[in-house]
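The values are calculated or read from the model by the stated rules, or taken from the named source; none is laboratory data. Computed from a predicted model, the values in this text were never measured in an experiment. In this analysis, Cβ positions are derived from the backbone assuming ideal geometry, glycine residues included, and neighbour counts consider all displayed protein chains.
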Amino acid sequence: MRIVEVVTDADFADSLAGIAEHFQATDFWCGVVNEDGRRSFRFLVADDARQQIVDALQNLLGTDETSHIVIQPVDAVLPRRSDEDQEGKSRKVVAATREELYSQISKGARLDSNFLLLTFLSTIVAAIGLAEDNVAVVVGAMVIAPLLGPNIALAFGASLGDKVLMGQALKTNLTGLGLALGFSIIIGWVWQVDLTSNEIASRTFVGIPAVVLALASGAAAVLSLTTGLSSTLVGVMVAVALLPPTATLGILLASGQPQPAIGTALLLAVNIVCVLLSAMTVFLLKGIRPRTWLERNQARQSTVLLLLIWASLLMVLVTVILVRGSLLTA
C-alpha cells in the first residue's frame with residue numbers, strides 16, 4: 001500500500017475525486033488551498049491499483065510544471081481492514097509502479113565517481129581472491145561490484161523504449177567493464193598470479209548449466225525489484241557475477257594465456273547476454289511498458305528487435321560453447 005500525493009491547482013479537486021472513486025482508492029482526502037491556488041490531495045492506494053491511478057493522474061495533469069505527483073511508502077495502516085489478510089493471500093505478485101521502478105533502476109545506470117570507485121575497489125578485491133584462491137574474498141567482490149545495475153537498467157530501458165536510459169546504461173556498462181578489464185590486466189602484469197588456482201580455473205570453462213544459471217538469475221533480479229524484495233539482489237549478484245570473469249580475463253590476457261582467456265570471455269558474454277534477455281522478458285511479462293499508446297507503439301519495434309538480437313547472440317554463444325566443448329573433449 002502507498003500514499004500517492006498530488007500537489008496541483010485546486011480546480012482539479014472534482015476530477016481527482018472522480019479518479020479515486022473510479023479506481024477504488026482505499027481513502028482520499030485533501031488539504032487546504034495555498035496562497036498560490038494549489039492544493040494537496042492524497043490517495044491511500046492498494047498495490048494492485050497503484051499503477052492505474054498514477055497513469056490516470058499523469059493523463060489528467062499532463063505536463064503541467066506546477067503539478068507534482070509523489071509516491072510515499074506506508075509502513076502500516078490502522079485499523080487493519082478485515083479483508084487485507086485474504087487479499088494478501090490471493091495476490092501472488094505485488095508489482096511496483098513503472099515510475100517507482102524507473103527511480104530505483106536508473107540509479108544503477110549512473111556513471112559517477114561512486115560507480116567508478118566501487119568498480120576499482122571490487123576489481124582489487126576480486127584479483128586478490130583469485131590470486132589467493134580465496135572463495136570468501138571473491139564472493140565479497142561479487143557483492144560490492146556495481147556491474148549488474150547497468151545491465152538491469154539497459155533491459156528496463158529496452159522494455160520501455162527509453163533511448164536515453166539505454167544509452168546511459170550502455171555507456172556505464174562499457175565503462176565499468178573496460179575499467180575492470182584494464183585494471184585487472186595491469187594487476188596481471190605486476191603480480192605473478194597462480195593460474196592453476198581453482199577460482200581462476202573454474203572461470204575458464206563455460207557449459208550449458210552456466211547459461212541456465214545466468215538466465216534464471218537475470219529473471220530473479222527483475223522479480224526481486226518488481227515485488228519489492230530487493231534484498232534478494234545480493235544472491236543474484238553472487239549467482240551471476242560479472243566482475244570475477246572480467247578480472248580473470250584480464251589476468252589471463254596479461255599472463256599470455258589466450259586459450260583459457262577465450263573460455264572466460266565466453267562466460268562473461270553469456271552472463272551479460274542472458275541477464276539482458278531474461279530481464280527484458282520478465283519486464284515485458286510483468287506488463288512494464290510505456291504509459292501512452294503512442295509511446296508503446298514507438299517502443300514495440302525496438303523492443304522486438306533487441307529481443308531478437310539478444311536471443312540470436314545467445315544462440316551463437318551456445319553453439320560456440322558446444323563446439324568448443326566437443327573440441328576440448330576430443
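Values computed for the structure shown
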{"quantity": "Helices (runs of 4 or more DSSP H) wholly inside segment 142-203 that include at least 2 residues being within 24 Å of Leu285 (Cα to Cα)", "calculated": "148-160, 163-190"}
{"quantity": "Every residue from segment 21-44 that is surrounded by 13 or more Cβ atoms within 10 Å (Cβ to Cβ) and touching a residue at least 24 places away in the same chain (Cβ under 8 Å)", "calculated": "Phe23, Ala25, Thr26, Arg38, Arg39, Ser40, Phe41, Arg42, Phe43, Leu44"}
{"quantity": "Single match in Val222, Val164 (criterion: within 30 Å of Pro73 (Cβ to Cβ) and surrounded by 24 or more Cβ atoms within 10 Å (Cβ to Cβ))", "calculated": "Val222"}
{"quantity": "Criterion (modelled with pLDDT of 85 or more, in contact with a Leu (Cβ under 8 Å, 6 or more places away or on another chain) and of a type in the set (A, V, I, L, M)) met by exactly one of Leu225, Leu317, Leu308", "calculated": "Leu317"}
{"quantity": "Selected residue (only one of Asp47, Asp36, Asp55 is among the charged types (D, E, K, R) and either in contact with a Leu (Cβ under 8 Å, 6 or more places away or on another chain) or farther than 16 Å from Glu99 by Cβ (or both))", "calculated": "Asp36"}
{"quantity": "Answer residue from segment 265-295, given it is assigned to a helix (DSSP H, G or I) and more than 22 Å from Ala221 (Cβ to Cβ) and is modelled with the highest pLDDT among those", "calculated": "Ala265"}
{"quantity": "Hey, Asp47 surrounded by 14 or more Cβ atoms within 10 Å (Cβ to Cβ) and within 22 Å of Glu65 (Cβ to Cβ) or not", "calculated": "no"}
{"quantity": "From Val164, Val193, Val236, residue being at pLDDT below 85 and within 16 Å of the chain's Cα centre (by Cα)", "calculated": "Val236"}
